[in-house]
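Structure, as structure tokens:
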Amino acid sequence: MSDFFAFVYQLFTQNWTLILFIVFAFAIAIQLFYYFFIYLRVFLYRNKPLNQSNMPVSVVICARDEEQNLKVHLPQLVNQKYIEYEVFIILDACVDDSLDLLKNKVNEFSNLRYTVITKDAKFTHGKKLALTVGLKGAKHDHLLLTDADCLPASELWLQRMVSHFNQGYEIVLGYGKFQPDGTFLNKLVRYDAFFIGQQYLGMALLGLPYMGVGRNLAYKREVYTRIGGFSKHAHIESGDDDLLVNAAANKRNCTIEIHPEAHTISYTPKTFRRWKSQKSRHLKASHLYKGKHKFALSVEPLSRIIAWFAPIPLFFHPEWFYVVLALSLSRLSVFMTITVLSMRKLNEKALWYVAPLFDISLPFVTFWFILNNRFRKRTTSWK
């Protein structure tokens, strides 16, 4: 046994550069697989022609103290170019004047409805309760979800999202982007949302849908009923969107809609602490993903870190310098080219030049948030 350990020790001490290079090359191969076989699919995807649909649709929105956003966004929501639909808003424990606003607006817009969940000092709850009330109270079986702080990019948003139901799909994954404001935090949040979007959209196109975002998501009511609603993950705050898709979506019943007219637009958090709270809450759902999805989502950032940092010690060894440099530049070229193409496809602007910085840093930020979740006190706040 001692001879074996001596052999292993000698192998790693005398050949560590070779071992590190093999690990590095393997990481590069994994990265190239993700970019050519997953992320590039987003750019290559051809938006379908807009087909007229006349199935009745319920747009379901949960709102907690969103009076100002509702005031601004309602006109675009209730004036979509669509024949028969309702906008159903669930006012969840609001303490602002949202109720007064909607009381006036229902007289103005015939397709607007709302219900109220009153605030209870002894019982607190998350978004899933409000959304459950909304999904059960919606008039129609074709459901389109967004948030009160999201603005449809056009009056054809609803039409484009639900037209895929005509082709037999049960779930439609949309893209929810953020409004640029020029700040560093804004770029960080926007890039993070872009990268996640590129990932879940590309995986869906590969036939492995694993999540969607509640800012822009459509599905049939029977999907929600079939998987038992949110009962399997009612104990965690997040997951009303991604865990539902993870449980119900497959390559046959799920598709994407990424035409710029079908996007939703919202504003990024104003403080890093606020974004950290939002992202940490969303990350709590990821450990309930299917095993194959968790594996795919773990391998990518690990290989990315290795691809960026493994070359550093190898650059100090002349025998590896040029081959490592060539592989690193190849990976960087592929990364930048496909990232720029995907950003163009998703109508994301002024982000490409910060992509390398965030490509390096976001795996560490995400890992920090995951660790923080293990020690952070549980909360039911969903805003």
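The candidate values were [x] 26.6; [y] 20.9; [z] 22.5; the one computed from these coordinates for Kirkwood radius over Cα pairs in Å carries the label [z]. Here the dipole of the range 239-383 is about 820 debye; that uses its Cα centre as origin and unit charges on the Cβ of Lys and Arg (positive) and Asp and Glu (negative).
In this structure, the residue pairs whose Cα-Cα separation is over 24 Å, taken from LYS139/LYS251; LYS71/LYS177; LYS139/LYS177, are LYS139/LYS251; LYS139/LYS177. When the solvent-accessible area of the range 7-130 is split by element, carbon and sulfur atoms take up 59 percent of it, the probe being 1.4 Å. Here r is the Cβ-Cβ distance between ASN15 and ASP65 and R0 is 41 Å; the resulting FRET efficiency, rounded to 0.05, is 0.10.
Using r as the Cβ-Cβ distance of LYS251 and THR366, and R0 as 25 Å, what FRET efficiency do you calculate, to the nearest 0.05?
On the way: r = 27 Å, r/R0 = 1.07.
Efficiency computed from Cβ-Cβ geometry: 0.40.
When each of the peptides 244-254, 84-94 is scored by how many other beta carbons lie within 10 Å of its residues on average, the order from highest to lowest is 84-94, 244-254. In sequence order, the range 143-160 has phi-based couplings of 10, 10, 10, 8, 10, 5, 8, 10, 10, x, 5, 7, 7, 9, 3, 4, 4, 5 Hz under the Karplus curve 6.51 cos²θ - 1.76 cosθ + 1.60, θ = phi - 60°, and Gly or Pro positions carry x. Within the listed set ASP141, ASP241, ASP100, the Gaussian network model of the chain (springs between alpha-carbon atoms below 10 Å) gives the highest mean-square fluctuation for ASP100.
Report the extension gain between GLN278 and VAL116 in nm, rounded to one decimal, defined as 0.36 nm multiplied by the number of residues separating them, less their alpha carbon distance.
Values: separation 162, 0.36 × 162 = 58.32 nm, distance 2.41 nm.
Contour length minus the Cα-Cα distance gives 55.9 nm.
The smallest convex shape that holds all Cα atoms of the range 27-96, its convex hull, gives 178 Å³ per residue. The C-alpha atoms of the chain define a longest principal axis, and helix 67-78 lies at about 80 degrees to it. Across the options ASN250, LEU144, VAL87, the greatest Cα extent toward the positive end of the charge dipole of the chain (unit charges at beta carbon of Lys, Arg, Asp, Glu) belongs to ASN250.
Candidate cross-link partners of LYS103 among the aspartates and glutamates, defined by an alpha-carbon separation under 14 Å and a same-chain spacing of 8 or more, comprise GLU67.
What the pair-distance distribution of the range 67-111 shows, using all Cα-Cα distances binned every 5 Å from zero, is 5, 19, 35, 24, 12, 4, 1 percent.
Each label point was placed 7 Å from the Cα along the Cα-to-Cβ direction; for VAL95 and LEU325 their separation is 6.2 nm.
Per residue, the solvent-accessible area of the range 77-177 (1.4 Å probe, heavy atoms of protein chains only, all protein chains present) comes to 42 Å². Within a straight-line Cα-Cα reach of under 18 Å, LYS232 can be paired with the following aspartates and glutamates, leaving aside sequence neighbours fewer than 8 residues apart in one chain: GLU222, ASP240, ASP241, ASP242.
What number comes out for the charge environment of GLN179, summing +1 per Lys or Arg and -1 per Asp or Glu over other residues with Cβ under 13 Å away? Before the final figure, lay out each step's value.
Values: positive: LYS177, LYS187, ARG190, ARG215, LYS270, LYS349; negative: ASP149, ASP181, GLU348.
Around GLN179, the surrounding residues sum to +3.
Charge dipole of the chain (Cα centre as origin; +1 on each Lys and Arg Cβ, -1 on each Asp and Glu Cβ, all else neutral): 460 debye, rounded to the nearest 20.
Using Cα atoms only, what is the angle between the long axis of helix 184-206 and the major principal axis of the chain, expressed in degrees (0 to 90) to the nearest 10? So the inclination is approximately 90 degrees. Sorting the segments 302-311, 326-335, 158-167, 208-217 by their residues' average number of neighbouring beta-carbon atoms within 10 angstrom, most packed first, yields 208-217, 158-167, 302-311, 326-335.
In the structure displayed, which of LYS119/LYS349; LYS294/LYS349; LYS187/LYS220 lie more than 32 Å apart, Cα to Cα?
Flagged as over cut-off: LYS119/LYS349; LYS187/LYS220.
For LEU131, what is the net charge nearby, where nearby means another residue's Cβ is under 10 Å from its Cβ and Lys, Arg count +1, Asp, Glu -1? Before the final figure, lay out the partial values.
On the way: positive: LYS127, LYS128, LYS136; negative: ASP92, ASP240, ASP241.
Overall, the nearby charge balance is 0.
The values are calculated or read from the model by the stated rules, or taken from the named source; none is laboratory data. Since we're looking at a predicted model, the values are computed, not measured. Cβ atoms come from the backbone with ideal geometry, glycine included; neighbour counts cover every protein chain shown. The accessibility values were calculated without ligands, DNA or RNA, using every heavy atom of the protein model including side chains. Shrake-Rupley method; radii C 1.70, N 1.55, O 1.52, S 1.80 Å.
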